[in-house]
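Read the figures in this text as sums done on the coordinates, not as results from a lab. Owing to the predicted nature of the structure, the values given are computational and were not obtained by experimental measurement. Here the Cβ is made from the backbone with ideal geometry for all residues, glycine too, and neighbour counts use every protein chain on show.
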Amino acid sequence: MPWATRKVKSARKPSAGLLPRLLVTIDGPAGSGKSTTAKQLAHALGLSYLDTGATYRTLAYAAIQQDVVITDVEQLIELARRLSLGFVTTPAGRLRVMLDGQDISQAIRTEEVSEAAAHIAQYPGVRAAMVKRQRGLARAGGFVVEGRDTGSVVFPDAPYKFFLDASPQVRAHRRQRELARLYGSKPPLAQVQEQLHFRDGLDRTRRVGALVKPRGAVTIDTSHRTVRDVVRIMQQRIRQRERRRG
Ligand code: DC
């Protein structure tokens, strides 16, 4: 069952009056809080959640597993086309990333996979193959889609687009905490900052799908805001516009 997601079983009702086919995109650099925010917004609105970063990570992970050289663009494109990836939400509301029926949610978060994903995401052909699959999944709506180019390239006509940002210090602290959660020990902050800086450079300067603020997107600085506040701001914007649309 490739590219399937199941909706988070919401304890709350979706916001009144919202279209079930709603499409929301959330872009921003690493550590800006997109994933957590996107998950919670999807939950609050009763929508599904698509983590496009996880799709690039899965491709990188599969390439490493299958000894595909990460500079071999043709093989990467071929792999992207046949990748059997699925997203499943557990009853506890946690998103699990599946490859060939195996839970790889944790395995795709290592530094090795992060760097390989950042590398392969540079290739226009690889991006085209991935974007096609992302569109195939969420085109019908009912999704919060999160990544680096979701409002600019994947769904430029989405009715609701947000761009999250935060200071480099805050982003590095968040990434450090995430790594500590994964591995049980904190890497030095300077090392995390260097890795983030490196990845930011790749994300912002690639020829296709570079990280930009999408046209028409609402920017939210998350440096000193809680996830709850950010989600509330997004919900307010969506509700206001939905009401105006009648
Ligand atoms: O958000 P993340 O760190 O899980 O993303 C993993 C890599 O994939 C990251 O280097 C950026 C890349 N990516 C991308 O190029 N386009 C996207 N829409 C999402 C992620």
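Would you please calculate the Kirkwood hydrodynamic radius of the stretch 201-246 over all C-alpha pairs and express it in Å, rounded to one decimal?
Its Kirkwood hydrodynamic radius stands at 13.0 Å.
Taking the Cα-to-Cβ direction at Arg239 and at Arg207 and moving 7 Å from each Cα, how far apart do the two end points lie in nm?
Taking the two extended label points, one gets 4.7 nm.
Based on other C-beta atoms within 10 Å, arrange Met98, Met234 from fewest to most. Could the numbers behind the result be given before it?
Values: Met98 18, Met234 24.
Exposure proxy ranking, most exposed first: Met98, Met234.
Please express the shape of the chain as an equivalent ellipsoid: the semi-axes are the square roots of 5 times the eigenvalues of the C-alpha gyration tensor, given largest first in whole angstrom.
Details: eigenvalues 144, 90, 65 Å².
They are 27, 21, 18 Å, listed largest first.
Rounded to the nearest 0.05, what FRET efficiency is calculated for Gln65 and Arg232 with R0 set to 30 Å and r the Cβ-Cβ distance?
Result of the calculation: an efficiency of 0.15.
So what does log10 I(q)/I(0) come out to for the stretch 121-217 at q = 0.17, 0.19 Å⁻¹, using the Debye formula with one equal point on every Cα and no solvent?
Each listed q corresponds, in turn, to -0.89, -1.01.
Modelling each spin label as a point 7 Å along the Cα-to-Cβ direction, I'd like the Ala190/Asp72 distance in nm, to one decimal.
3.9
So for the pair Asp157, Ala128, with labels modelled 7 Å out along Cα→Cβ, what separation do we get in nm?
2.1
Exactly which trypsin sites (Lys or Arg not before Pro) in the stretch 167-216 are in a DSSP loop and have at most 10 other Cβ atoms within 10 Å?
Arg207, Arg215
Given the Cα-Cα distance of Thr219 and Glu115 and 0.36 nm per residue of separation, how much length would full extension add, in nm?
34.8 nm
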